[in-house]
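This report refers to the structure that appears directly beneath it.
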Amino acid sequence: MAENLFTLSFSWSLLQRINNQFLTFGTAVFYQLEKPFYLAQKSLHAVERVQDLEIKYSQAMANSGELEQLRLENQELKNILQNSDRPLTNSIISSTIISLSSPAIAVGEEDGVREGAPVVLRGNLLATISQLSRRSAHIDLLASQNSPVILAKTDSGSKGVIKGDGQRIILTEILPERKVAIGEKVLTLGQENLPPALLIGQVQENITRHSDSVQSFIVEPLVNFYESQMVEVYQ
């Protein structure tokens, strides 16, 4: 009887050791099997966190850009309103629509804009209205070949016309005997749709050829439409 009890006790102890070893081995195997899934899940959470941070960063940058745009527009509007050379006539203030192929402004027929009206910034003539839609207007910059001929004069009184060659603003039809100095200001002379004394730019270079019967000059504008946030349309 005692021998049988000893045998049973030994067998039970052996089974317990085997069971413990099996549990330990099984736990290790389960951990090794589970580890890739745990790491994958952890990596997925990390990726989602990074994506969430990227979205929040993009939103913050967008908000920052919008605030900077508003600041620039407010400063431009302040400059326009403080310009003492503004004529005492009706004008419409508009934001610019920047496009290299077809520059435009954000006002149109519904705002009372008319074709041929001058587009001005701080007394500088930038363009004229060429085509209207309900809420926007395409413009011809002074350097455009489609820009209308503009009567102009220099500080010294030399009279001529402004034309665009597609890239530059050209002051031409200046009589040969007239003296035009580099750096002279060029202003509108006054004609239909265009008031006098709007600044066009400064004489930059004499491009008159020996065979020409009149003098021609390149005029450098003092204000760049593509760097402007707001402009005025004179009525």
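The values are calculated or read from the model by the stated rules, or taken from the named source; none is laboratory data. In this text, all values refer to a predicted model and were calculated from it rather than measured experimentally. Don't worry about glycine lacking a Cβ; one is built from the backbone with ideal geometry, like all the others, and counts go over all protein chains shown.
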> Any chance the range 121-132 includes a residue that's in a loop (DSSP other than H, G, I, E, B), in the same structural domain as residue 223 (by TED's automatic domain parsing) and surrounded by fewer than 16 Cβ atoms within 10 Å (Cβ to Cβ)?
Replying inline: no
>> So, residue 114, is that one closer than 14 Å to residue 193 by Cα and part of a loop (DSSP other than H, G, I, E, B) or not?
In response: yes
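Residue-wise test of (1) farther than 20 Å from residue 93 by Cβ; (2) out of contact with any strand residue (DSSP E or B) (no Cβ under 8 Å at 6 or more places or on another chain).
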site: 135; (1), (2): no, yes
site: 154; (1), (2): yes, no
site: 164; (1), (2): yes, no
site: 175; (1), (2): yes, no
site: 220; (1), (2): yes, no
site: 228; (1), (2): no, no
site: 232; (1), (2): no, no
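I'd like to know if the range 138-160 contains one or more residues that are of a type in the set (Lys, Arg), surrounded by fewer than 19 Cβ atoms within 10 Å (Cβ to Cβ) and in the same structural domain as residue 193 (by TED's automatic domain parsing).
yes
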>> Please return the ranges of strands (runs of 3 or more DSSP E) entirely within the range 140-235 where 1 or more residues are within 15 Å of residue 126 (Cα to Cα) and at pLDDT below 95.
In response: 230-234
